[in-house]
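A short worksheet on the structure shown next.
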Amino acid sequence: MPMPTDWKVSLRRLLTSLDLTIACLAAFFVLVFICTLAQVPLGMHEAVSRTIRSFFVWWGPDGADWRIPVFPGGALLGIVMMVNLVLAQFLRLERSWRKAGLWTIHLGLGLLFTGEFISGAMQIDSAMSLEEGQTKNYSEDYRRMELAVVDETDPEFDDSRLFPDSLLQGRAEISEPSLPFRLRVHAWHDNAALRRREDSDPAPRVAPTAGIGVGLTFRPAPPVTAENEQNTAVALVEPVAGDKSFGVYLLSNGLGAPQTFLHEGRRWSLSVRPRRYYLPFTLTLKDFRHDRYPGTNIPKNFSSNVRLKDPAAGDDRDVLIWMNNPLRHAGLTFYQASFGKDDTLSILQVVKNPGWQIPYAASFLVGLGLCWHFFLSLRRTLKAEKA
């Protein structure tokens, strides 16, 4: 049955109206305000995730299992504005050189929204901590964890199998064809409080029987969200080969060391650690500088002199990274983020964002469109005055 014509017209007017654009912009201002307030209890990353990069802002009482949407999120507003811009451009905007500036402005705005969607879906933030003289070929994501199963038999090479935390949640057993044993996952918690077991504690359903976790217990806790806090993930994992069990290991990034066992003459280690992103090149911290204003402890500048070695690209050079002057290499950007250990440790923020150039292109198009539109408007005004 065809849609009534008046209904089509009303819908078209709504989706192409300037009122809808203004309403979305006003909602964005409110959303930014909500996100700013949410950064205090949640931290910047979690606040942005729950507001700017979600379809709805959800709310529920503390301790309740239910939540309700209370405001449109940035993803939903972005989609509505994209539809509004595209339809307004193609259905209402005149196709002529006189309106070329407005066409370019709309194209730039659409590209800007597209870049934000790409960043939200594909951007990966991690960190690389380097002490002076140390070399690394990986960064770490402190918001996500992984189970690392490593064959350490060869002292020159670690043969690793990595399982992300998303795979461990709700899994009873993990089988990997390259592993000569299975992994029974008795428990996984994104965050928990570790402590020594006491005689008054109730008997657990499954207790660690091997490794340094024997005698320890834990209590599940809500995941932390603040920028300066890190979850203490806990797993109870039992390697099993055939009918033989190697014991139940309590694994946690809070223990700070892998735990090992022997199987068929080979030495294996188990650990829960921040997820690693391995790089096709290495960075070596040669020197870290922390300059202060004379007579004060106020930081003036901090910078890292690193050695970049990328055999595949034939790149071997020294690079100085300092505030607002990052290193860009192989699709990654390294920012000087923090430092520690009496100015001998440098912490670099590592960002992988395939769409990082899109905002620059979008800004250029919007600026070009504004200049062209104002130029034509000025020329028409001058011609009218002469006439």
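Structure values in brief
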quantity	calculated
Rounded to the nearest 20 debye, dipole of the range 95-223 from Cβ charges on Lys, Arg, Asp, Glu	1080 debye
Net charge of neighbours whose Cβ lies under 13 Å from the Cβ of His290, counting Lys and Arg as +1 and Asp and Glu as -1	-1
Accessible-area composition of the chain, carbon plus sulfur, in percent [1.4 Å probe]	58 percent
For the chain, with +1 on Lys and Arg beta carbons and -1 on Asp and Glu, the positive-most of His45, Leu348, Ala226 along the dipole	His45
Neighbour net charge for Gly101 - beta-carbon separation under 14 angstrom, K R +1, D E -1	+4
Three-way shape label, the range 1-116, alpha-carbon gyration tensor, a/c 1.5	oblate
Residue-wise HN-Hα coupling along the range 121-127, computed from phi with Karplus coefficients 6.51, -1.76, 1.60 (Hz; x: Gly, Pro)	8, 10, 5, 10, 10, 8, 9
Contour minus Cα-Cα distance for Asp287 and Ala361 (0.36 nm per residue)	23.1 nm
Net charge over other residues, Cβ less than 10 angstrom from the Cβ of Asp151 (K, R count +1; D, E count -1)	-1
By accessible area with a 1.4 Å probe, ligands and nucleic acids excluded, highest first: order of Glu152, Glu116	Glu116, Glu152
Electrostatic dipole magnitude of the chain [Cβ: Lys, Arg +1; Asp, Glu -1; Cα centre; debye, to 20]	2000 debye
Three-way shape label, the range 63-147, alpha-carbon gyration tensor, a/c 1.5	oblate
Mean accessible surface per residue for the chain, computed with a 1.4 Å probe while every protein chain stays in place, in Å²	59 Å²
Which of Phe157, Gln134, Ile105, positive extreme of dipole for the range 105-195 (C-beta unit charges)	Ile105
Spin-label model distance (nm) - Cys371 vs Ala384, 7 Å beyond Cα toward Cβ	2.5 nm
Percent RCO, i.e. relative contact order, over the range 224-334, from Cα pairs under 8 Å lying at least 6 residues apart	13 percent
Table column - 3J(HN,Hα) (Hz), the range 341-351, Karplus curve with 6.51, -1.76, 1.60, x for Gly and Pro	6, 6, 6, 10, 10, 10, 10, 9, 7, 10, 10
Net dipole in debye of the range 271-335 [+1 Lys, Arg Cβ; -1 Asp, Glu Cβ; about Cα centre; nearest 20]	280 debye
Whole-angstrom gap from the range 317-369 to the range 77-132, using each part's C-alpha centre	21 Å
Stretchable slack from Phe29 to Phe56, in nm (0.36 nm times residue separation minus alpha-carbon distance)	8.2 nm
The chain: relative contact order in percent, alpha carbon pairs under 8 Å with at least 6 residues between	18 percent
Lys/Arg +1, Asp/Glu -1 at C-beta; the chain dipole; positive extreme among Ala64, Pro177, Leu236	Ala64
Pairs from Lys309/Lys352; Lys300/Lys341; Lys300/Lys352; Lys136/Lys309; Lys99/Lys383 whose Cα-Cα separation, in the structure shown, is over 21 Å	Lys300/Lys352
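The values are calculated or read from the model by the stated rules, or taken from the named source; none is laboratory data. In this text, all values refer to a predicted model and were calculated from it rather than measured experimentally. Reconstructed Cβ throughout: ideal geometry from the backbone, glycine too, with neighbour counts over all protein chains shown. Ligands, DNA and RNA are excluded from the accessible area calculation, which covers all protein heavy atoms including side chains. Shrake-Rupley method; radii C 1.70, N 1.55, O 1.52, S 1.80 Å.
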